[in-house]
């Protein structure tokens, strides 16, 4: 599982609770964080680099792209170049939002990169039941979460301003299209109105992972709970401190990673190729 930083820990927490026997390897790419403002082609190259490292160095049986921006940029490419199932956070969240809405008016909020990619728009358009979609980019939310500031006057004012368009669109369901945003759930709910259902992709993604493992008979059958290992490409002490607060448990040792320059990945390229990366474990 990987994310640009910490938001994917909400997915990791849900997966550990739902499939406690599974071993988990989590990469927080904090050395190149944040992904949201970066060009999608650049994010795609990072995603391919990390996905190959997880397969080559840890022999993982499944990869979770626990980052909306990375999923929007490179999910289909990863599914072509990796020899294991790849699950993103966009499709599970969209399915859950479609089930939750009553008036068929759904809002999606995310980073600038995620919203501008059109990934959620395409996923909702592909549904059998048509939905009216309102999208809003929310720059600044991620930084507030990672500072541990989820209820200050500043974040409340920002939320009210950024979420006004989706609130005024009459939505009854809001999909949190960034894995950081569940940590702001109370503030977001206040801004859009408590009658709006908030949908987080974290739990839905964990259900997808478990179903994929069961369908492919890939589930771990060994005794006892699985182990979780965490890696960061940035400041490991900072990752451990912030990550432990958001994860809800002490992360323990965090392994450092160092990446060479990521090679560009064409959207149409297939084949496995080399890793083009190094890890210090």
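The values are calculated or read from the model by the stated rules, or taken from the named source; none is laboratory data. Everything numeric here is computed off the predicted structure, so don't read it as measured data. Every residue, glycine among them, receives a Cβ derived from its backbone with ideal geometry; neighbour counts consider all protein chains shown.
Which is crowded, with 24+ Cβ neighbours inside 10 Å, in contact with a strand residue (DSSP E or B) (Cβ under 6 Å, 6 or more places away or on another chain), over 15 Å from residue 179 (Cβ atoms) and modelled with pLDDT of 95 or more, of 25, 86, 64, 106?
Details: 25 fails: crowded, with 24+ Cβ neighbours inside 10 Å; 86 fails: crowded, with 24+ Cβ neighbours inside 10 Å; 64 fails: over 15 Å from residue 179 (Cβ atoms).
Just one listed residue meets the conditions, 106.
A single member of 189, 185 is without any contact (Cβ under 8 Å) to a residue 60 or more places away in the chain, assigned to a helix (DSSP H, G or I) and over 27 Å from residue 20 (Cβ atoms), and it is 189. From the list 39, 20, the one residue that fits, being under 23 Å from residue 92 (Cα atoms), surrounded by fewer than 24 Cβ atoms within 10 Å (Cβ to Cβ) and more than 15 Å from the chain's Cα centre (by Cα), is 20. At least 2 residues being touching a residue at least 40 places away in the same chain (Cβ under 8 Å) and farther than 15 Å from residue 208 by Cα is the threshold, and among the strands (runs of 3 or more DSSP E) wholly inside region 1-114 those reaching it are 24-28, 105-110. Scanning region 123-157 for residues that are in a helix (DSSP H, G or I) and either within 22 Å of the chain's Cα centre (by Cα) or at pLDDT below 95 (or both) gives 123, 124, 125, 141, 142, 143, 144, 145, 146, 155. Touching a strand residue (DSSP E or B) at 6+ places or on another chain (Cβ under 9 Å) and outside the structural domain of residue 110 (by TED's automatic domain parsing): is that true of residue 209 in this structure? Here the answer is yes, as residue 209 does meet what is asked. Give region 227-263 a look and list any residue that's touching a residue at least 40 places away in the same chain (Cβ under 8 Å), touching a strand residue (DSSP E or B) at 6+ places or on another chain (Cβ under 7 Å) and part of a loop (DSSP other than H, G, I, E, B), or say none. Passing the criteria: only 233.
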